[in-house]
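The values are calculated or read from the model by the stated rules, or taken from the named source; none is laboratory data. Worth saying up front: this structure is predicted, and the values here are computed from it rather than measured. Here the Cβ positions follow ideal geometry from the backbone for every residue, glycine too, while neighbour counts run over all protein chains shown. Heavy atoms of the whole protein, side chains included, go into the accessibility calculation; ligands, DNA and RNA do not. Shrake-Rupley method; radii C 1.70, N 1.55, O 1.52, S 1.80 Å.
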Amino acid sequence: MPHSGCLNDYAASVESILLAQDHAALPPHSAIQRAELSLPKTLPESGLGFERIKQHLEEDIVPALNGSSLSANYYGFVTGGATMASLFADWLVSAVDQNPQVHSPTETIASDVDHVALRLLQQLLGLDENLFNGRIFTTGATGSNILALALGREYVVASAGRRLSPPTNTSIAQLGVLKACKLAGVNRIQILSAMPHSSLIKAASVVGLGHAAVITLPLSVEEPWKFDLAAVERHLKAANVASIISVSAGEVNTGRFTTSGDEMVKLRALADEHGAWLHVDAAFGLPALVLPQRPEYKHIIEGVKFIELADSITGDLHKNTVQVPYDCGVFFPRHLALQQTVFQNAPLVVPDHGEIPSAHNLGVENSRRMRGLPVYASLLAYGRIWHQEILQSAAYELLPGPEIDKVYMIVLFCARDDTLNSQLTAKLNESGIIYVSPTSWNGRAAARIAVSNSRVEVKRDVERVIRELERVSAKS
Ligand SMILES: *Cc1c(COP(=O)(O)O)cnc(C)c1O
């Protein structure tokens, strides 16, 4: 148990980590080697005591961690950062150690706080609070995509059953996948997507549909990052097949969007016609909903236009939108009764008290941390305008080039020289000053800069990136 006085120590220790200016993107090799040697191989019979462990964590472990959130120059993955308010709230979450799963308004305010946080977030995003009422915090976008496919699977097979004559109950939640599909005359459930995130393919396996269920459709010929609607329609028409459509709103590799408003309207109509579920994986693109209507954001805003026509939407708050520490994703579905069937914590049915549906019947977890508090704190501490401003600076002032206005948070580039290009990311990362990740584009190796941290100071960091690019090209 903590004893009085030690909290100041904790705070000072964490503060010194946070305040250390100008974190490198990667730790020096020597720090990693030292940490590796410090890791024990056996469980001690008697504990080492708090003081020894505190010292070990501070001196061995922390210096060997990368600057994925603490450095403004870590551009490898979309990692986001944390604000003071969200960090403080996150500590409180650990300190109070609440489980907000069941809404018990006479016993604790915990579930109300989660609920308010989700509603404020919907206001930030302009997502209808009455429509998307199955809102829930998740462990991340992968968690949200798993929920989406579990709901989609239930919906598409149940709707196939309803279209039979006589209409037949084919609920997967009640009967299981095999029996429900058999009764519904469904031989296969397919997930139609373009540029799906890898986690969607994992989610397909988790919910028993299989990797092969994800069909990556060809892109449109004229705009080769867009969903080809004719291909979607062709696949929807297959006999004895039920379909989930998963739109990538913000493709994480290129920063492009696979739909615009027109396509969303057409996809909704197609989904209704064929009893399909329409999901949007907006783990990456969700914050585009926060941008002000200005000509320079036209293409990006168009990329999330009519996103509310979806049956479910995935967002990722530890990545972007609000700057909270790991782990926190969000899921916005709009079929509450269906969701409560799929995630019913059966057979123990704890009735909901009052107006807020209990989270343990809305998602995977029965127990979980109070994930909403850091979101709540950040939204209230900084408000709408700040959340707009960090996006505007993070997204668009970096390395302008042709068509930069269609690209969102991600900059892809390659070296003209093939030899340099093949080693580009390794060379850029070797100094540890910045960190970018490798990818490919049109069959050529490319480097990718993902900007998602509110610590970015555009002028300083653009200069730093340019300096590193010059260093690498001068050497070759
Ligand atoms: C990052 C990402 C995910 C996975 O998110 P996690 O938070 O890492 O689980 C899913 N979809 C997209 C589009 C992403 O960018």
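Values computed for the structure shown
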| quantity | calculated |
| --- | --- |
| Qualifying residue in region 134-142 (condition: over 18 Å from residue 362 (Cα atoms), among the aromatic types (Phe, Trp, Tyr), touching a strand residue (DSSP E or B) at 6+ places or on another chain (Cβ under 8 Å) and within 16 Å of the ligand (Cβ to nearest atom)) | no |
| Elements of type helices (runs of 4 or more DSSP H) in region 191-295, at least 1 residues being within 16 Å of the ligand (Cβ to nearest atom) and open to solvent by 50 Å² or more (accessible area, probe 1.4 Å) | 198-206 |
| Scope region 27-61; condition open to solvent by less than 50 Å² (accessible area, probe 1.4 Å) and closer than 28 Å to residue 425 by Cα; matching residues | 27, 31, 35, 60, 61 |
| Residue within region 61-68 that is outside any helix (DSSP H, G or I) and farther than 26 Å from residue 438 by Cα present | no |
| Near pairs, Cβ below 7 angstrom, 6+ apart or cross-chain, from region 231-253 (within 22 Å of residue 289 (Cβ to Cβ)) to any residue that is more than 16 Å from the ligand (Cβ to nearest atom) and in a helix (DSSP H, G or I) | 245/232; 245/267; 245/271; 247/267 |
| Every residue from region 317-373 that is farther than 27 Å from residue 176 by Cβ, surrounded by fewer than 19 Cβ atoms within 10 Å (Cβ to Cβ) and within 21 Å of the chain's Cα centre (by Cα) | 326, 327 |
| Positions within region 135-174 being open to solvent by less than 20 Å² (accessible area, probe 1.4 Å), assigned to a helix (DSSP H, G or I) and of a type in the set (Ser, Thr, Tyr), in sequence order | 144, 159 |
| Check on residue 5, open to solvent by less than 40 Å² (accessible area, probe 1.4 Å) and at pLDDT below 75 | no |
| Flag for residue 20 being within 24 Å of residue 382 (Cβ to Cβ), at pLDDT below 75 and small (Gly, Ala, Ser) | yes |
| Hits in region 106-133 - residues which are in a loop (DSSP other than H, G, I, E, B), in contact (Cβ under 8 Å) with a residue 12 or more places away in the chain and over 17 Å from residue 283 (Cα atoms) | 106, 128, 131, 133 |
| Search result, residues across region 175-190 that are part of a helix (DSSP H, G or I) and in contact (Cβ under 8 Å) with a residue 24 or more places away in the chain | 177, 181, 184 |
| Subset tally (residues that are under 19 Å from the mean Cα position of the chain (by Cα) and of a type outside the set (Phe, Trp, Tyr)) for region 230-281 | 18 |
